[in-house]
Amino acid sequence: MNNSIEILPLIIEYESRLHKPEQRLDLKTVEALLHKDFVEIGRSGNLTDRKEIIESLLSEINQPEIHAEQFALSWINDETVILTYRSFSYADHVELVKERHTLRSSVWIKTTQHGWQMRFHQGTPSKAW
């Protein structure tokens, strides 16, 4: 298996691009990060495919940036990892009030053509920590 110390910062960087409003609105960035067979189970419990996610992201207006912490990486095989972490947003951009606490997991696979891409994502609402 590969070294998590080397891969973890890269996967966190890729995941974090999808947290930033300006990156979420960039079609090339989103298409490069999401695998062609990507699916997501969102905070709402709805199952969404790649096309629906891309359409949704590109239509977002005034969405707050997602903040994340407590990242952990688990290897499935040499070309598949699971990233888990906690995320939140700041209420009305006040950095003292956290809201939308979410437990998240993403499956990343290393593809020949595009490198690391997100194949699956799940967000589960959680209590504040």
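Between helix 4-17 and the chain there is an angle of about 50 degrees, using the helix long axis and the longest principal axis of the Cα atoms. Here Lys28 is the anchor, and the lysines within straight C-alpha reach of less than 22 Å, apart from those fewer than 8 places off in the same chain, are Lys20, Lys36, Lys51, Lys110.
Our Cα-only numbers for segment 9-129 put the radius of gyration and Dmax at 14.0, 43 Å. Protection proxy ranking, highest mean first, for peptides 56-68, 102-114: 102-114, 56-68, where packing is the per-residue count of other beta-carbon atoms within 10 Å, averaged.
Only the coordinates and a few stated rules stand behind these numbers; no lab work does. Since we're looking at a predicted model, the values are computed, not measured. Using ideal geometry, Cβ is built from the backbone for each residue, glycine included, and neighbour counts are taken over all protein chains shown.
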